[in-house]
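Engineer: Below you will find the structure I want to go over with you.
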Amino acid sequence: MNISMTFRHMDASDAMKEMIEQKVSRVKKYLQGAIDANVVMSVEKHIHACDVTIVAGGLTFKGREETDDMYTAVDKVMEKIERQIDKSKGRARAARTAGT
């Protein structure tokens, strides 16, 4: 799993890096093949934004969240990504059962 992190207009703290690695690693169990994750965190005035793009097995999952706190933004965007993965798995499961 390759995780690239970009920090814009903020300092990269070890705690933030660990949290991102932990959150992104949680979705690893749902995906197969090589996984590439791109996480961009930025601060503009008082708005903390987190963009996440995960590419795995030919599928791309994207999410963006803006809040007043970076940790909350990361939590919320990863919830969005997990919902997208769950929805994708449901579609794949339904397609397999519809074919039989």
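Engineer: Would you point out the residue of the stretch 42-59, among those that are surrounded by 14 or more Cβ atoms within 10 Å (Cβ to Cβ) and not aliphatic (A, V, I, L, M), that is farthest from Met1 (Cα to Cα)?
Structural biologist: Within the stretch 42-59, the match that is farthest from Met1 (Cα to Cα) is His48.
Engineer: Considering only residues that are free of Cβ contacts under 8 Å to residues at least 24 places away in the same chain and loosely packed, with under 12 Cβ neighbours inside 10 Å, which ones fall in the stretch 19-33?
Structural biologist: Listed by number, the residues that qualify are Gln22, Lys29.
Engineer: For Asp68, indicate whether it is without any contact (Cβ under 8 Å) to a residue 60 or more places away in the chain, loosely packed, with under 14 Cβ neighbours inside 10 Å and in contact with a Phe, Trp or Tyr (Cβ under 9 Å, 6 or more places away or on another chain).
Structural biologist: Values: without any contact (Cβ under 8 Å) to a residue 60 or more places away in the chain: yes; loosely packed, with under 14 Cβ neighbours inside 10 Å: yes; in contact with a Phe, Trp or Tyr (Cβ under 9 Å, 6 or more places away or on another chain): no.
No, not satisfied.
Engineer: Let me ask something additional. More than 14 Å from the chain's Cα centre (by Cα), part of a strand (DSSP E or B) and either among the aliphatic types (A, V, I, L, M) or surrounded by fewer than 13 Cβ atoms within 10 Å (Cβ to Cβ) (or both): is that true of Val39 in this structure?
Structural biologist: No: the conditions fail for Val39.
Engineer: Something else about it: Filtering the stretch 1-53 down to residues that are touching a helix residue (DSSP H, G or I) at 6+ places or on another chain (Cβ under 7 Å) and small (Gly, Ala, Ser), which residue is nearest to Thr67 (Cα to Cα)?
Structural biologist: Looking at the filtered set, the residue picked out is Ala49.
Engineer: Here's another thing I want to ask about it. Checking Met16 against (1) buried (at least 16 other Cβ atoms within 10 Å of the Cβ); (2) of a type in the set (A, V, I, L, M); (3) in contact with a Lys or Arg (Cβ under 9 Å, 6 or more places away or on another chain), only one condition comes out false. Which one?
Structural biologist: All conditions are met except number (3).
Engineer: Also, quick follow-up: Would you point out the residue of the stretch 45-100, among those that are of a type in the set (S, T, N, Q), within 13 Å of the chain's Cα centre (by Cα) and not in a helix (DSSP H, G or I), that is nearest to Gly33 (Cα to Cα)?
Structural biologist: My answer is Thr60.
Engineer: Check Lys62, Lys76 and return the single one that is touching a strand residue (DSSP E or B) at 6+ places or on another chain (Cβ under 9 Å), surrounded by 15 or more Cβ atoms within 10 Å (Cβ to Cβ) and of a type in the set (Lys, Arg).
Structural biologist: Being touching a strand residue (DSSP E or B) at 6+ places or on another chain (Cβ under 9 Å), surrounded by 15 or more Cβ atoms within 10 Å (Cβ to Cβ) and of a type in the set (Lys, Arg) holds for just one of Lys62, Lys76, which is Lys76.
Rule-based calculations on the coordinates, nothing more; no lab input. As the structure is a computational prediction, the values presented were derived from the model and not from experiment. When we count neighbours, we look across all protein chains shown, and the Cβ atoms used for this are built from the backbone with ideal geometry, even at glycine.
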